[in-house]
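To start, the structure itself, in structure tokens.
Every read-out reported here was derived from the displayed coordinates using simple, explicitly stated rules and does not represent laboratory data. Remember, it's a predicted structure, so these values are computed and weren't measured experimentally. When we count neighbours, we look across all protein chains shown, and the Cβ atoms used for this are built from the backbone with ideal geometry, even at glycine.
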Amino acid sequence: MHPAMPTKARSTRVDNAYERLKTEILNGQLPPGFQAPEPDIATRLGMSRTPVREALIRLEADGLVDLVPRRGAKVLPISLQDICEIYQILSALEALAAGTACRKAGDETLAEIEEVLNEADDALERQDIEAWAVHDDRFHRLMAKASGNLRLEAEIEGFLDQVYRANTVLLRLNKAPASNAADHRKIVQAIRDGDTDGATETARLHRLNGMLRMKDVLQDCGLSHV
């Protein structure tokens, strides 16, 4: 056996544990406040403790869990302040991505983005808000990628996980998106037109208005975190 293979196999197991736990956290299957010892989590996944421990360390770095000595991992909530800070940061980062995409994005990339928007519209018509959330997340990731700036894309994606998690809660409370879905098409059209200022400003306001709407819904429901 090649000496690198055990390390590669362990890495694969860690990635698998990480993705499974992350998906359950983002979808709310492991809700805020959920806590379990590492052995219980390993049993839940049908895996040994070592890859699970490494996966939990990665999730802690993502801000999704807190590792408590002798008590295991605890899923962290997202506070209203967290949400506002994340949306404010994204308003700047995604505005930069949209403006940069005016110079970088080709027709094939924009066609892929528009196809995602069509699927999102179909989901809204079916009142399938969970499917809409998946397509919305995909749109924002593709927009980040369209910038052609790998570091910018990575920064944006790090925040989008938290946005998706907050969105799933808000959609269940509000039964509708927090932000104006029509803004997405305005951004894409501005990119097609080479309108850097229009794409930048629409993307910026889209996030800020979404933040205000989410803030209103959570406050109306008496929630300080999700």
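Please build a GNM for the chain, connecting alpha carbons under 10 Å apart, and tell me which residue among ASP183, ASP128, ASP40 fluctuates the most.
Fluctuation is largest for ASP40.
Select from VAL14, CYS221, LEU152 the residue farthest towards the positive end of the dipole of the chain; place +1 on Cβ of Lys and Arg, -1 on Cβ of Asp and Glu, and compute about the Cα centre.
Value computed over the given set: VAL14.
What are the ³J(HN,Hα) couplings of the range 80-96, residue after residue, when phi is run through the Karplus curve with 6.51, -1.76, 1.60 and θ = phi - 60°? Round to Hz, x for glycine and proline.
Values per residue, Gly and Pro as x: 4, 5, 4, 4, 4, 5, 4, 5, 5, 5, 5, 4, 7, 5, 6, 5, 4 Hz.
Compactness ratio of the range 60-180: Cα Rg over 2.2 N^0.38 Å, N = residue count?
The range 60-180 yields a ratio of 1.18.
Taking N as the number of residues in the range 5-75, what is its alpha-carbon radius of gyration divided by 2.2 N^0.38 Å?
Working it through for the range 5-75, the quotient is 1.02.
Per 10 Å bin, what percent of the C-alpha pairs of the range 158-226 does each bin hold, from zero upward?
Calculated over all Cα pairs of the range 158-226, the distribution is 19, 45, 26, 9, 0 percent.
Where nothing but the Cβ of Lys and Arg (+1) and of Asp and Glu (-1) is charged, how large is the charge dipole of the chain around its Cα centre, in debye to the nearest 20?
It works out to roughly 1040 debye.
What residue among THR202, THR109, THR168 has the largest mean-square fluctuation in a Gaussian network model of the chain, using Cα springs under 10 Å?
THR109
Rank ILE113, LEU142, ILE57 by how far each Cα sits towards the positive end of the charge dipole of the chain (+1 on Lys, Arg Cβ; -1 on Asp, Glu Cβ) and give me just the farthest.
In the chain, that residue is ILE57.
Could you work out which residue, out of ILE83, ILE113, ILE57, moves most in a Gaussian network model of the chain, that is, has the largest mean-square fluctuation with Cα springs under 10 Å?
ILE57
Stokes-Einstein diffusion coefficient for the chain at 10 °C in a medium of 1.306 mPa s, Rh from the Kirkwood formula over Cα pairs: what value in µm²/s?
So the translational diffusion coefficient is about 84 µm²/s.
Place a +1 charge on the Cβ of each Lys and Arg in the range 70-188 and a -1 charge on the Cβ of each Asp and Glu, then give the dipole magnitude about the Cα centre in debye, rounded to the nearest 20.
The dipole magnitude comes to about 660 debye.
Under 8 Å for C-alpha pairs, at least 6 residues apart: give me the relative contact order for the range 24-158, rounded to a whole percent.
Across the range 24-158, relative contact order equals 21 percent.
So how do HIS225, HIS184 line up by other beta-carbon neighbours within 10 Å, fewest first?
HIS225, HIS184
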